[in-house]
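Have a look at the structure below before the remarks.
FYI, it's all coordinate maths here, none of it is from the lab. Keep in mind that this is a model prediction, so the values were computed, not measured. Quick reminder, even Gly has a Cβ in these numbers, built from the backbone with ideal geometry, and neighbours come from all protein chains shown.
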2 protein chains.
Amino acid sequence: MATKQNFPTVDQSHRKAYGPISVPERLLLGPGPSNAHPGVLDALACPPIGHLDPFYVELMGEVQELLRYAWQTNNRLTLPMSGTGSAAMEATIANSVEPGETVLVAIKGYFGHRLADMAGRYQANVQTIEKAWGEAFSLGELEAGLREYRPSILAMVHAETSTGVCQPMDGIGELCEKYNCLLLLDTVTSLGGVPLYLDSWKVDLAYSCSQKGLSCPPGLGPFTMSPRAESKLLKRSSKVPNWYLDVSLLNKYWGSDRVYHHTAPVNMNFGIREALRLLSEEGLENAWNRHRSNAEKLWKGLEQQGLDMHVSEELRLPTLTTVRIPEGVNGKAFALHLLNNHGIEVGGGLGSLAGKVWRIGLMGYNSTPENVDKVLNIFESELPRFRENDACAA
Amino acid sequence: MATKQNFPTVDQSHRKAYGPISVPERLLLGPGPSNAHPGVLDALACPPIGHLDPFYVELMGEVQELLRYAWQTNNRLTLPMSGTGSAAMEATIANSVEPGETVLVAIKGYFGHRLADMAGRYQANVQTIEKAWGEAFSLGELEAGLREYRPSILAMVHAETSTGVCQPMDGIGELCEKYNCLLLLDTVTSLGGVPLYLDSWKVDLAYSCSQKGLSCPPGLGPFTMSPRAESKLLKRSSKVPNWYLDVSLLNKYWGSDRVYHHTAPVNMNFGIREALRLLSEEGLENAWNRHRSNAEKLWKGLEQQGLDMHVSEELRLPTLTTVRIPEGVNGKAFALHLLNNHGIEVGGGLGSLAGKVWRIGLMGYNSTPENVDKVLNIFESELPRFRENDACAA
C-alpha cells in the first residue's frame, strides 16, 4: 500500500453527521413538481453510463423522437436542455435574440414577466402588452401589439402556470407570419396534458419541463426550434451569449457529429425517456382526454362545495386549476395544514394572485379520478374548519 | 364522465414503440461520469417532493453544509447549480465578470480554453497565458501574467480533466491578493478525491460536478463564492446577463427568504445529499488517501506493463490518469473494444492529446483496489493483441 499523505488540518465544523435520506410521502397536487411515474423513478435509478456511450447516443435519438411526437413537431432541433424548464426558457431567448432587437412579450401572468426579464438580459428592446391575470389575449389585441412594435419575436405563454389560463392559439402563427416575426411559446404546463400542435400553430421556439405532464422529476427542460429559428441562429452576428445553452454547440452533440459539449445528465435522460415512452404508449389523444375529464370532475366537485374557479371555463387549463380562496380563509394556513397533516401539496398564488387562489395541479401520472376524489374529500372535510375559525390553522 | 374532445388529427410519425429502458452494465473508468454509489441511486429514486416543502428546504441546508465541508470553505453562498459542472463553471463567470473587465485565464488544457470562451461571451477582455498540456504553472509564470495584464479575475483549473494534471496551489491566493484580483478555480475533477482547501487557498469562486469524486450521477454543479466575490456581485452596475445562473436571485431561494426562483431538480438533490453524506461519513482525509493509494497502485501496475504516464508523478492527479498510447496502437479501437466486449469505459484524449493518451479515472465510488486490478488485468490480457495487429480491432 502507498504511504499516507500528510495533509494540512481538515476543518471539521461543516462535517455534519446527518442520517441517510428519508423522504416524506407526498401527493403533489400543486403547480409542479407532480409525482413521478414509478417506472420513471426506476429508470432514473439505473446505473449511469457514459455520455458518449453508443447506447446513450441511441437513447438520445429516442428522447428526441418522442419529444417530437409529444409536441407534434418535425423540428430537427428538439432536445432536452440539461437544466429545468427555466433553463429551456432561457435557451429560447438566448439563441434567438440579438442585442437591440425588439421582443414583444404578451404578459398575462408571472411567467410572461419572467420572459420579459430574460429578454432584457439578452439586450433585447423589450416591449410588452398585458392582460389581467386570469384572462387570455384575443387575436385583435395581439395584432395591435405586433402592428405597433413590429418585433422580431412574439413571446407568450400557452399554459400560464400562475393563473391556470390556456391561451387559444388559432390564428396566432398566421399573425406572426404576416408581421414577419418568430413565435416563442411557453408550454411548461401543457406538454403531455393539453393539446399542442407546434407545427400547425407555426411555433418557432418552445420549451417545457419534465415534472408536470410528463410525470418525470424536475431537472430537464425540453426545447425545440423550427427551421426558421434555426436559420436565424446560423446568421447571428455574434456568439450566443450563453455557453451552456448555446444550441449551435449543442447541435454538434445532439446532431450526428456527437461532439462532446458537456457531460449530459444521463440519469435524468433515462427518466425522461421512460416518461415520454409511457406517454407515447398511452397516446396523446388519450392523455389529453384523461386530463380534461379529470379536470372537469374537479371543477364540478369544487363548485358543488361552493368554491369559485378563477378562470372562465373556456380558458381553463385541464392541468392546473386556480380556485379562489373563500373570504375569511387563510389560504396559506390551509395549504400548510394539507401538507403537514395529510401529505397533500396544493399551491398558493403567485404575484398578483398571491393570497387569492390555490393552484391545484392534476398533471401526468397524477391526473386520475382517485386523486380528484382525494382533493374533493379533503376540501369537504377540512375546509369548513378554516372557514369557521381561522385560528385553528395554528 | 366528461365528453370526449374533438382534436385535430394527431401526427403519429414520431410515435415510436420503444421498449422499456434497459441500460447495459458499465464500469466507468473514464474521465466521468463515474459509477454512482448504490445508496445514491436509491436516494435519486425517492418520490419527488415540492421545491418549497419544509422537508426539502431543510435538505437544501444540509447539502450546502456538506458542500462546505467537502470544499473546506465557510462561504455562505455555497450551493449546487441546477445543471451540470459546465453550468456551474458558467455561473462563476456570469456572476463575476462585467463587460470590459480583464479576465486572465491560465490555460494548460481543454477546460482552460472553455473558461476563456465563456469569459469572452460575457464580454470580458480575455487574456491568456498557456502551458503545454501535461504541465502546471509555476508561481513565477502566474505572477508574470498578473503583472502584465492586471486582471480583475484569474481563472484556472485545479484538476485538468483533459491532461490529468493537478495544479499546485501554494501561494497563488497570495499572488491574487497582491494584484488585487479574484481567484476562480475549476475543481471538477478534484472535489471529493484530491485535497482542496478553498478558504486557505483564498479561492473566490469555484465550481465542480456531481459525477466524479462525489459518486453521484451527472446533473448538478456545485458552486461557491467568497464574501469578496459576493460583494463584487452586489456592486454590479447591470443585471447578471444570465437569468438561470444569477446568484443574486438564487440567493433568495437558497438563503433564508426561500423565494421561488426555478423548480429545483429535487431528485438530483436527494442524490447529491446522499453522496455528500457518504463522503462526510468516510472523512475527507480517508477519501483523499484512498484515491491516492489506488492511483499509485494503478501507476505502478501500468508502468510494470511498459506503459508511460503522460504527467510527471509530482503533478499527477489521483482521480484521473493520462496514459500514453503506445506507438502503433489504435487507442480509440482499444477503448471501444474494452467498452463493447468487457463493459469497461476508459476515455480518449481531448484536444492536443487526442489519439495520444487514454484517460483512466478512479473517482469516488470507483476508486477501489478491485477496480485497479480489473484495469491492470484487462490491459495485460487485451492490449498485446492491439500492439501486434491493429487490424484485430475491427
Subject >> Span from the region A:193-232 Cα centroid across to the region B:280-296 one, whole angstrom >> reply: 44
Original post:
Cβ under 14 Å from A:Glu160's Cβ, A:Glu160 left aside: what net charge do those residues give with Lys, Arg +1 and Asp, Glu -1?
Top reply: +3
Subject >> Order of B:Asp186, A:Asp199, B:Asp257 under a 10 Å beta carbon neighbour criterion, fewest first >> reply: B:Asp257, A:Asp199, B:Asp186
Original post:
To one decimal place, what orientation-averaged projected area in nm² is obtained for the convex hull of the Cα set of region A:4-150?
Top reply: 17.0
Original post:
In what sequence do B:Lys178, A:Lys252, A:Lys232 fall when counting other Cβ within 10 Å, fewest first?
Top reply: B:Lys178, A:Lys252, A:Lys232
Original post:
What is the fewest-to-most order of B:Val357, A:Val126, A:Val157 by other Cβ atoms lying within 10 Å of their Cβ?
Top reply: A:Val126, B:Val357, A:Val157
Original post:
Of all chymotrypsin sites (Phe, Trp or Tyr not before Pro) in region B:204-298, which ones are in loop regions per DSSP and have a Cβ with at most 16 other Cβ atoms within 10 Å?
Top reply: B:Tyr260
Original post:
Helix-derived [θ] at 222 nm for chain B: sum -39500 (n - 2.57) over DSSP H runs of at least 4, divide by residue count, nearest 500?
Top reply: -12000 deg cm²/dmol
Original post:
For region A:38-281, taking Cα atoms only, what is the radius of gyration to one decimal and the Dmax to the nearest whole Å?
Top reply: 17.3, 54
Subject >> Cβ-based net charge around B:Asn286, under 13 Å, with every Lys or Arg adding one and every Asp or Glu removing one >> reply: +1
Subject >> Over the protein assembly as shown, equivalent-ellipsoid semi-axes from the Cα gyration tensor in Å >> reply: 45, 28, 27
Subject >> Inter-label distance, nm, simple model (7 Å from Cα along the C-beta direction), A:Lys178/A:Val259 >> reply: 4.2
Original post:
Expressed as a whole number of Å, what is the distance separating the alpha-carbon centroids of region B:32-88 and region A:7-76?
Top reply: 13
**OP:** List the chymotrypsin sites (Phe, Trp or Tyr not before Pro) within region B:114-172 that fall in a DSSP loop (any state other than H, G, I, E or B) and whose Cβ has at most 14 other Cβ atoms within 10 Å.
**Re:** none
Subject >> Kirkwood hydrodynamic radius (C-alpha pairs) into Stokes-Einstein, region A:47-104, 20 °C and 1.002 mPa s, D in µm²/s >> reply: 157
**OP:** Starting from the Cα of A:Ala354, step 7 Å along the direction of its Cβ; do the same at B:Glu303; then give the gap between the two resulting points in nm.
**Re:** 6.3
